[in-house]
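A short worksheet on the structure shown next.
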Amino acid sequence: MSNSHPLRPFTAVGEIDHVHILSEHIGALLIGEEYGDVTFVVEKKRFPAHRVILAARCQYFRALLYGGMRESQPEAEIPLQDTTAEAFTMLL
């Protein structure tokens, strides 16, 4: 693993970059279906996701997924009408 990435702070030799490692692990969760607790349906395509990660990154998802509406129910399946599957993929 290189320290040369412009957004990664320099770490001394032998020092562990915990923030980068955590970011990689959370990123792997985001694109995997394992442990997903919500599914978005866009243009008949299913997008499994993790509500806590979405809520931590975006106020819209926090309100949608934890606001007490039907979307906040466990294992919810949420249809989205006003976007395309391609755009939603980029958003996630």
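The values are calculated or read from the model by the stated rules, or taken from the named source; none is laboratory data. Computed from a predicted structure; not experimentally measured. Using ideal geometry, Cβ is built from the backbone for each residue, glycine included, and neighbour counts are taken over all protein chains shown. With ligands, DNA and RNA removed, areas are computed over all heavy atoms of the protein, side chains included. Shrake-Rupley method; radii C 1.70, N 1.55, O 1.52, S 1.80 Å.
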If you average 1/r over all unlike Cα pairs in segment 36-91 and invert the result, what Kirkwood radius do you get in angstrom? 11.3
Residue 78 long-range amide H proximity, modeled H, under 5 Å: 39, 40, 41
Heavy-atom accessible surface of segment 36-91: percent carbon and sulfur, 1.4 Å: 54
Can you pull out the GluC sites (Glu not before Pro) in segment 42-92 that DSSP calls coil and that have at most 16 other Cβ atoms within 10 Å? 43, 75
FRET efficiency, 1/(1 + (r/R0)^6) with R0 35 Å, evaluated for residue 21 and residue 91 via beta carbons: 0.90
In nm, to one decimal, how far is the modelled label at residue 33 from the one at residue 70, with both set 7 Å along Cα→Cβ? 2.4
